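The values are calculated or read from the model by the stated rules, or taken from the named source; none is laboratory data. For clarity, every value in this text was computed on a predicted model and none was experimentally measured. FYI the Cβ positions are ideal-geometry reconstructions off the backbone, even for glycines, and counts take in every protein chain you see.
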Amino acid sequence: MDTELATVKTKSNTFRFNKAKKKKCLSFLMFLTPAFLFYALFMLIPLIGAVYYSFTNWNAASQVTRFVGLSNYIEAFTNDPYFKESMLLTIKYTSIVVIVQNVLALLIALLIEYRNRTRNLFRTVFFMPNMVSLIISAFMWSFIFTIVLPQLSEYGLSLLDQGWLGNPDVAFYSIIIVAIWRGTGYMMIIYIAALQGVPVHLKEAAIIDGASSFQNFIHVTIPMIMHAITICVFLTLNEAFKVFDVVYGLTGGGPGRSTQVVALNIFEEAFSGNFRYGYANAKSMILFVIILIITIVQVYVMRGKEVES
Amino acid sequence: MKKNRLSSIFNMVILIAFGAISLFPIYMVVINSFKSQDQIFNSVLQLPTTLHFTNYTEAFSQINIAQALWNSLTVTGIGIAGIVLFGSMAGYKLARTPGKLSQIIFLFFMSSMLIPFHSIMITLTRMANMIGIQGSTVGLGLIYIGLGVSMSIFLTTGFVKTIPKELEEAAKIDGANEMQTFIKVILPLLSPILVTIGILNLLWIWNDFLLPLLMLTNVNDYTIILSVNTLFGEYNNDWPKILASLVITTIPLITAYVFLQKYILDGIAEGAVKG
């Protein structure tokens, strides 16, 4: 109908139609330009620049920036043991954090689901650490690790007497503890929302059919909240790969380089060690591509397992 | 029924244990921020016998807290205002203009959401330097608009599709122009999703560390998070003052959380489900 009317109008008055089209175009521009402008300036152009400079020797020391082809990438893959180590460490960190954080968040969400009067109280308490900035969390935990836990160990809890930040083997797990303390509440909120969306009649039907509560969980609840699991794994995966603040605040990558994650490695390359911007950009591109591939595979695989209610 | 009762108690015990772990570090920091160094080394668990407010006054004098709070407010305020307004304008228009072009522009904005900040941080710093906004809190707020607007577009586009068109058409017939219609009719209808967007960005921008670290060069322009970072480095084991400054930094958001928790928690669930 509308299109017919429009064509009639066009035939009778082409001038007016053009004017309307022009007006529509103008309003389109008016609504989109501000967002586009900021996006272009602070996201798009820096990104294009980063890709470009990753093929150059741009650094703080020399005046001339030369195009060096793939040599930055080749160096990162073959001749930078610190980068390789930091990448492996980040992968190890990510695997642990993603699994522990999601299992714990889902467990707490399930436990909270069973409460009636105290549900809101617990939700509030578990989310509280999220209000504390990551870097501030790291500082708070520095106090816990260096003063509080060693003091508590004197009460017969000798397990707490560790070189939490000073021992290279332990420091890695200290970082994980802080990341999980800070991040679990966020995922828990998402899981609680998903659990509330599971239809009660499905659970009841399963119970009537003789399913145990564990079977109920595996065969009814999990499939029904699969979309939330996909989202939470996606979020934690992304966050963990880019981990920076907690490590920076807690250990600064040390002792030595034992806890230097890849984001810190890139940061140091660019801003505190060598000031090799071009090379740091190449490394950041490698990080980008790795995150991209892993998250795409993750979402693709997990989406396939989701069911409609 | 007895078994049910037992499992309920068991459930409660586990929740309380986890809850205690959740709050323990914050509790430790707060009570020890009122003690002297000696008292801390004597017993961290004991409640302070006398309240050492000097920790706070000294932390206050060391960093200009009022200035730092104002800087944080400036950055966060500008960032959120731009993200909410420009994002909802673009999101609304894209949702109301069917066609290939809109789809392409939408995807174009979305494609940035996977880019790690570390991939653009070096060239972003250079860009800020070139256009002369490095070192300015206002400039930093503007940068956040560019980084956060995609998510805002994403959330509003989805929301606008659930609003019937009739209202806008009625406003048009009444003689309102498009901008007026958007501000007076559309924005109020969008308010639930705008609150969500505002909260998600508040948590991000207020607490962000790396971008301010790269952008702000003068101590007078430091956000509260950056000031505490400097303090932490300078004080080096002077725990009473460090703890006092940690408490001061955390208070604004915890206060906001106490009053807005329903919106914050719902907003996060909402933002994630849409994402």
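Residues being more than 16 Å from B:Pro48 (Cα to Cα) and β-branched (Val, Ile, Thr): count how many of those fall in region B:20-36.
The qualifying residues number 1.
Being surrounded by 16 or more Cβ atoms within 10 Å (Cβ to Cβ), within 11 Å of chain A (Cβ to nearest Cβ) and in contact with a Phe, Trp or Tyr (Cβ under 9 Å, 6 or more places away or on another chain) is the filter here; which residues of region B:13-34 pass it?
B:Leu15, B:Phe18, B:Gly19, B:Ser22, B:Pro25, B:Met28, B:Val29, B:Asn32, B:Ser33
Can you pull out the residues in region A:41-71 that are away from chain B (no Cβ under 13 Å) and either under 15 Å from A:Glu269 (Cα atoms) or exposed (fewer than 13 other Cβ atoms within 10 Å of the Cβ) (or both)?
Answer for region A:41-71, where residues must be away from chain B (no Cβ under 13 Å) and either under 15 Å from A:Glu269 (Cα atoms) or exposed (fewer than 13 other Cβ atoms within 10 Å of the Cβ) (or both): A:Asn57, A:Ala61, A:Ser62, A:Gln63, A:Val64, A:Arg66, A:Phe67, A:Gly69, A:Leu70.
How many of the residues in region A:102-132 are free of Cβ contacts under 8 Å to residues at least 40 places away in the same chain and within 7 Å of chain B (Cβ to nearest Cβ)? Full working, then the answer.
Step one: filter region A:102-132 for residues free of Cβ contacts under 8 Å to residues at least 40 places away in the same chain, giving A:103, A:107, A:111, A:114-122, A:124-125, A:131.
Okay, now just the ones that are also within 7 Å of chain B (Cβ to nearest Cβ), so A:111, A:114, A:122, A:124-125, A:131.
Going through region A:102-132 one residue at a time, the tally reaches 6.
Just give me the residues in region A:254-285 being more than 8 Å from every other protein chain (Cβ to nearest Cβ) and surrounded by fewer than 21 Cβ atoms within 10 Å (Cβ to Cβ), in sequence order. Break it down stepwise before answering.
Start the filter on region A:254-285 by keeping residues that are more than 8 Å from every other protein chain (Cβ to nearest Cβ), which leaves A:254-262, A:264-265, A:268-269, A:272-276, A:278-279, A:282-283.
A:Gly254, A:Pro255, A:Gly256, A:Arg257, A:Ser258, A:Glu268, A:Ser272, A:Gly273, A:Asn274, A:Phe275, A:Arg276 - these are the residues of region A:254-285 that are more than 8 Å from every other protein chain (Cβ to nearest Cβ) and surrounded by fewer than 21 Cβ atoms within 10 Å (Cβ to Cβ).
What is the number of the single condition among (1) more than 30 Å from B:Ile133 (Cβ to Cβ); (2) within 27 Å of the chain's Cα centre (by Cα); (3) more than 13 Å from every other protein chain (Cβ to nearest Cβ); (4) among the hydroxyl-bearing types (Ser, Thr, Tyr) that B:Thr74 does not meet?
Among (1) more than 30 Å from B:Ile133 (Cβ to Cβ); (2) within 27 Å of the chain's Cα centre (by Cα); (3) more than 13 Å from every other protein chain (Cβ to nearest Cβ); (4) among the hydroxyl-bearing types (Ser, Thr, Tyr), B:Thr74 violates only (1).
In region A:136-154, what residues are farther than 16 Å from A:Trp181 by Cβ and more than 9 Å from every other protein chain (Cβ to nearest Cβ)?
A:Pro150, A:Ser153, A:Glu154
Just checking, which of A:Ser137, A:Ser213 is within 23 Å of B:Trp239 (Cα to Cα), assigned by TED's automatic domain parsing to the domain that holds A:Tyr93 and of a type in the set (Gly, Ala, Ser)? It would help to see each step written out before you state the result.
On the way: A:Ser213 fails: within 23 Å of B:Trp239 (Cα to Cα).
A:Ser137 is the lone residue from the list that is within 23 Å of B:Trp239 (Cα to Cα), assigned by TED's automatic domain parsing to the domain that holds A:Tyr93 and of a type in the set (Gly, Ala, Ser).
What is the one condition in (1) loosely packed, with under 14 Cβ neighbours inside 10 Å; (2) within 14 Å of chain B (Cβ to nearest Cβ); (3) in contact with a strand residue (DSSP E or B) (Cβ under 8 Å, 6 or more places away or on another chain); (4) not aliphatic (A, V, I, L, M) that A:Lys23 does not satisfy?
If we test A:Lys23 against (1) loosely packed, with under 14 Cβ neighbours inside 10 Å; (2) within 14 Å of chain B (Cβ to nearest Cβ); (3) in contact with a strand residue (DSSP E or B) (Cβ under 8 Å, 6 or more places away or on another chain); (4) not aliphatic (A, V, I, L, M), just (3) comes out false.
With the requirement that a residue be buried (at least 20 other Cβ atoms within 10 Å of the Cβ) and hydroxyl-bearing (Ser, Thr, Tyr), what does region B:155-169 give you?
Listed by number, the residues that qualify are B:Thr156, B:Thr157.
Does B:Thr217 satisfy the condition of being of a type in the set (Ser, Thr, Tyr) and closer than 23 Å to A:Phe42 by Cα? Walk me through how you get there before you give the answer.
Working: of a type in the set (Ser, Thr, Tyr): yes; closer than 23 Å to A:Phe42 by Cα: yes.
So B:Thr217 passes the test.
Within region A:203-233, how many residues are assigned to a helix (DSSP H, G or I), among the hydrophobic types (A, V, I, L, M, F, W, C) and surrounded by fewer than 18 Cβ atoms within 10 Å (Cβ to Cβ)?
So the first thing to find is which residues in region A:203-233 are assigned to a helix (DSSP H, G or I), and the list is A:203-208, A:213-224, A:226-233.
Checking the rest, the ones that are also among the hydrophobic types (A, V, I, L, M, F, W, C) come to A:205-208, A:214, A:217-218, A:220, A:222, A:224, A:226, A:228-229, A:231-233.
Now drop any that are not surrounded by fewer than 18 Cβ atoms within 10 Å (Cβ to Cβ), which leaves A:205, A:207-208, A:214, A:217-218, A:222, A:226.
Residues meeting the conditions: 8.
Return the only residue of B:Met110, B:Met121 being in contact (Cβ under 8 Å) with a residue 12 or more places away in the chain, farther than 28 Å from B:Ile224 by Cα and not small (Gly, Ala, Ser). Walk me through it before giving the result.
Details: B:Met121 fails: farther than 28 Å from B:Ile224 by Cα.
Residue meeting the stated conditions: B:Met110.
Going by the structure shown, is A:Phe36 in a helix (DSSP H, G or I), at pLDDT 85 or above, out of contact with any helix residue (DSSP H, G or I) (no Cβ under 7 Å at 6 or more places or on another chain) and surrounded by 16 or more Cβ atoms within 10 Å (Cβ to Cβ)?
Details: in a helix (DSSP H, G or I): yes; at pLDDT 85 or above: yes; out of contact with any helix residue (DSSP H, G or I) (no Cβ under 7 Å at 6 or more places or on another chain): yes; surrounded by 16 or more Cβ atoms within 10 Å (Cβ to Cβ): yes.
Taking the combined requirement at face value, the residue satisfies it.
If B:Ala176 passes every condition in (1) surrounded by fewer than 18 Cβ atoms within 10 Å (Cβ to Cβ); (2) part of a helix (DSSP H, G or I) but one, which one does it miss?
Against the list (1) surrounded by fewer than 18 Cβ atoms within 10 Å (Cβ to Cβ); (2) part of a helix (DSSP H, G or I), B:Ala176 comes up short only on (2).
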